[in-house]
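The values are calculated or read from the model by the stated rules, or taken from the named source; none is laboratory data. Only a predicted model underlies this, so the values are computations on that prediction, with no experimental measurement involved. When we count neighbours, we look across all protein chains shown, and the Cβ atoms used for this are built from the backbone with ideal geometry, even at glycine.
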Amino acid sequence: MIVTPLTKLLGIRIPVVQGGMQWVGLPKLVAAVSEAGGLGVLTALTQPSPDALRIAIRDTRKLTTKPFGVNITLLPTINPPDYEGYARAAVEEGIKIFETAGNNPGPLIKFFKSQGCIVVHKCTTIRHAKSAERLGVDVLSIDGFECAGHPGEEDIGGLVLLARAAKELKVPYIASGGIADARGLAGALALGAAGVNMGTRFMCTVESPIHHNIKEKIVASTEQDTVHIFRTLHNTARVFKNKVALEVVAIERKPAGAKFEDVRDLVSGNRGRMVYENGDPDYGIWSAGITIGLIHDIPTCAELLKRLESETEEIINGLHTTVLKSHL
């Protein structure tokens, strides 16, 4: 058994968090991760309204009695969602663990802490992590450049971020981005993390709601099959390298540059959602981390977490033996 400050704080067996993923963090997957010993996380903004989130929370509770959380990500948008409404609905439904991310999380964090909740906040820089620490978060999720979705604008990989976190942060932190197997988990623990956050790896499980064709596409791909879009718009996002993503990159590279309006139709959220429903990997933009180069099967969440747990223990024990031998 791997015991860390994260497992103790959250009441979970394995220090693995399923990151909040748009259109993916639905009750079946969330419950399966929690039942298997990790922390499943519902994605609030996948639901069309706070009332719909209430129903999703209740549906998840029908599938597991284990702890699970809710993710609320604040991102630049033309029509901001009712963040406060989602937050209140989740708290009123008895959720005690929240994953927050994005711009200006202060008011949300303050509200959650006033309600006695545990807050895990995702950051892409140590500077932002220290700011969140001052706001009173319980755990920091340190998101390296390897991650799917938004890695920030400073292009710093997880190895350096986690090593700095060990020296400079006071609260426990977990590694996010680039983790898909036991070596990643063992490495994160060696770097001082209390656990890991995995997104892309959980996309490619039996209980994941995305189309089987997309899961097979992940299995068939390598770490070279992602690309960054929105770089010139200073809102970088790592997505799967398909026809639509490459078209967006080409538009951004035009001599005159690009405005969001130039790519709006290409990057429509509805098109991205349809990828997961119709199974066409070229239909729209969809998130994927470079961990696709480490994913070679489609296990159940129970199989995946059991494997992570046992192989991580083997790796840690092997390192201990190596250290002892080196001193003989």
* Can you find a residue in segment 241-256 that is closer than 28 Å to ILE156 by Cβ, among the β-branched types (Val, Ile, Thr) and part of a loop (DSSP other than H, G, I, E, B)? -> no
* Structure fact -> Those residues of segment 154-164 that are under 18 Å from the mean Cα position of the chain (by Cα) and of a type in the set (Gly, Ala, Ser) come to a total of 2
* Structure fact -> Taking segment 33-69 and keeping residues touching a strand residue (DSSP E or B) at 6+ places or on another chain (Cβ under 7 Å), hydrophobic (A, V, I, L, M, F, W, C) and within 16 Å of PHE202 (Cβ to Cβ) leaves VAL33, LEU39, VAL41, LEU42, PHE68
* Structure fact -> Conditions (1) farther than 16 Å from THR236 by Cβ; (2) in contact (Cβ under 8 Å) with a residue 40 or more places away in the chain -> LEU135 fails only (2)
* Structure fact -> Of (1) assigned to a loop (DSSP other than H, G, I, E, B); (2) in contact with a Phe, Trp or Tyr (Cβ under 6 Å, 6 or more places away or on another chain), LYS170 fails just (2)
* Of the residues that make up segment 135-142, is at least one β-branched (Val, Ile, Thr), touching a helix residue (DSSP H, G or I) at 6+ places or on another chain (Cβ under 8 Å) and over 19 Å from GLY192 (Cα atoms)? -> no
* Does segment 6-17 contain any residue that is assigned to a loop (DSSP other than H, G, I, E, B), on the phi > 0 side of the Ramachandran plot, out of contact with any strand residue (DSSP E or B) (no Cβ under 8 Å at 6 or more places or on another chain) and at pLDDT 95 or above? -> yes
* ALA165 versus (1) crowded, with 22+ Cβ neighbours inside 10 Å; (2) within 30 Å of ARG273 (Cβ to Cβ): which is the lone unmet condition? -> (2)
* Name the residue, out of GLY94, GLY37, that is touching an Asp or Glu at 6+ places or on another chain (Cβ under 8 Å), part of a loop (DSSP other than H, G, I, E, B) and either acidic (Asp, Glu) or farther than 17 Å from TYR173 by Cα (or both). => GLY37
* To do: Starting from residues that are at pLDDT 95 or above, among the charged types (D, E, K, R) and assigned to a helix (DSSP H, G or I), keep the ones in segment 291-328 and report whichever is farthest from GLY19 (Cα to Cα).
  => GLU314
* Structure fact -> Expected single match for at pLDDT 95 or above, crowded, with 24+ Cβ neighbours inside 10 Å and farther than 21 Å from CYS117 by Cβ among ALA44, ALA36 is ALA36
* Asked: For segment 130-162, what are the residues that are small (Gly, Ala, Ser) and surrounded by 20 or more Cβ atoms within 10 Å (Cβ to Cβ)?
  -> ALA132, SER141, GLY144, ALA148, GLY149, GLY158
* Among GLU223, GLU247, which is the only one that is outside the structural domain of LEU39 (by TED's automatic domain parsing) and without any contact (Cβ under 8 Å) to a residue 60 or more places away in the chain? -> GLU247
* Being touching a helix residue (DSSP H, G or I) at 6+ places or on another chain (Cβ under 9 Å), outside any helix (DSSP H, G or I), more than 27 Å from LEU42 (Cβ to Cβ) and touching a residue at least 12 places away in the same chain (Cβ under 8 Å), is that true of even one residue in segment 193-213? -> no
